[in-house]
1. Which of the following residues is closer than 22 Å to V329 by Cβ and out of contact with any helix residue (DSSP H, G or I) (no Cβ under 6 Å at 6 or more places or on another chain): V169, V223?
2. Take the conditions in contact with a helix residue (DSSP H, G or I) (Cβ under 8 Å, 6 or more places away or on another chain) and modelled with pLDDT of 85 or more and apply them to Q75. Does it pass?
3. Can you name the residue in the stretch 218-244 that is β-branched (V, I, T) and surrounded by fewer than 17 Cβ atoms within 10 Å (Cβ to Cβ) and, of all such residues, is modelled with the highest pLDDT?
4. Could you tell me which numbered condition E284 fails, if it satisfies all but one of (1) part of a loop (DSSP other than H, G, I, E, B); (2) closer than 24 Å to A228 by Cα; (3) free of Cβ contacts under 8 Å to residues at least 24 places away in the same chain?
5. Please go through the stretch 295-320 and give me each residue that is open to solvent by less than 40 Å² (accessible area, probe 1.4 Å) and touching a helix residue (DSSP H, G or I) at 6+ places or on another chain (Cβ under 8 Å), ordered by number.
6. Report, ordered by the first and then the second residue, all pairs with beta carbons closer than 8 Å, sequence separation of six or more or different chains, a first member in the stretch 301-324 that is of a type in the set (G, A, S), and a second member that is buried (at least 18 other Cβ atoms within 10 Å of the Cβ) and modelled with pLDDT under 90.
7. In the stretch 259-293, which residues are of a type in the set (V, I, T) and either surrounded by fewer than 18 Cβ atoms within 10 Å (Cβ to Cβ) or under 20 Å from P199 (Cβ atoms) (or both)?
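The values are calculated or read from the model by the stated rules, or taken from the named source; none is laboratory data. Model, not experiment: these values are computed from the prediction. Positions of Cβ are backbone-derived with ideal geometry, glycine not excepted, and every protein chain shown enters the neighbour counts. Protein only, heavy atoms only, side chains kept; ligands, DNA and RNA dropped before computing areas. Shrake-Rupley method; radii C 1.70, N 1.55, O 1.52, S 1.80 Å.
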Amino acid sequence: MVWGYFLSLRLATVEGLVVKRLYVKRMTDKIMKRVERIDRVELMRTFVRIVEAGSLSGAARQLATTQATVSRRLQSLETLLGARLLLRTTHATKLTDDGERCYQHARRVIDSWLALEDEIGQTEDEPVGVLRVRAPHALGQDQLLKPLTEFLQRYPQLSVEWMLNDKSVDFLSDNLDCAIRVGADVDPATVSVLLAEVPRCVVASPALLARFPPVKTPEDLQVLPWIAINTFYQRHVDLQEESTGQSARISITPRLSTDSLYVARNTVLTGLGVAVVSSWTVQEDIQEGRLIHLLPEWQPAALPVHLVYPWSRYYPARLRRFLEMMKQVMPGIAGMRKPVNG
């Protein structure tokens, strides 16, 4: 009787283990089938964003989704691969060895997928998707709007996010494809294409000049009140005499400093001070007599205009076509010129 009792108990235990294993197997199969339905490219794209943004929350902002969604995608990818990809703490994330290998492969897969998107279902001249561009405030809301509009009309399947900002660019955290930069130093970690130059000039209002001795030499500028565009100059201005190549550095004490070209131009019109501005912004003011071009034989250095974008193994058609358009039209835009050394 005792032996029969223990035998029945053992059989019940074995039967329970079998049932449990069958249940676990069914659930695992169900999970894997669900994972198989997930867009693997999207999982890898999310993983790359996590790595490059440095956090799940940063990736969520760039992808315009929630942190919970990003976390679920990461878990799905780890389940699919059967490996831990990230080590997370409250302050940081760190790639595992498997995560590093996954990141490198994911970058190549995404580049290949972008190439496939460009080649399938469209001609080489028909870019699609969204191009995210940052441009300077002044150029972006004035000189560049016409070529941008014509570009979008030429490619009806393309959309552009046109963001205006004069600050330095962080392509990863800002989620940008490219940026138009004026007068900025070239970053060797990016691809930088010289498009054009922006000539500049020294201007002041007749009302301001009436209160001071005539300006005949660069040194005479030092006694005038100044408006500084602090992106390009703050405490001194460099001028060069075109015919002789002679240079002069003028010390200035700004009454007003601003990062806006339009603020500088509009303030010069009030007679508050003299300023160095992009020539295209004041061309009509000079022609109409509202402003005076001071010492036209002495010129501030022209500002280079670059199109900058991060290095990649593959560039989608929308970026390639935009670069081609900018290289073609930028030197001919009013107020621009071809690079002297370009």
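1. On inspection, the qualifying residue turns out to be V169.
2. Considered against the rule, which asks whether it is in contact with a helix residue (DSSP H, G or I) (Cβ under 8 Å, 6 or more places away or on another chain) and modelled with pLDDT of 85 or more, Q75 comes out as no.
3. Step by step, filter the stretch 218-244, then rank; the result is V223.
4. (1)
5. Selection gives L295, W298, V305, L307, Y309, S312, P316, A317.
6. A317/D118; A317/P127
7. V263, V268, T270, V274, V276, V277, T281, V282, I286, I292 - these are the residues of the stretch 259-293 that are of a type in the set (V, I, T) and either surrounded by fewer than 18 Cβ atoms within 10 Å (Cβ to Cβ) or under 20 Å from P199 (Cβ atoms) (or both).
Yes/no matrix, rows are residues, columns are (1) basic (K, R); (2) in contact (Cβ under 8 Å) with a residue 12 or more places away in the chain; (3) closer than 15 Å to C201 by Cα:
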{"site": "D220", "(1), (2), (3)": "no, no, no"}
{"site": "L239", "(1), (2), (3)": "no, yes, yes"}
{"site": "S243", "(1), (2), (3)": "no, yes, no"}
{"site": "S260", "(1), (2), (3)": "no, yes, no"}
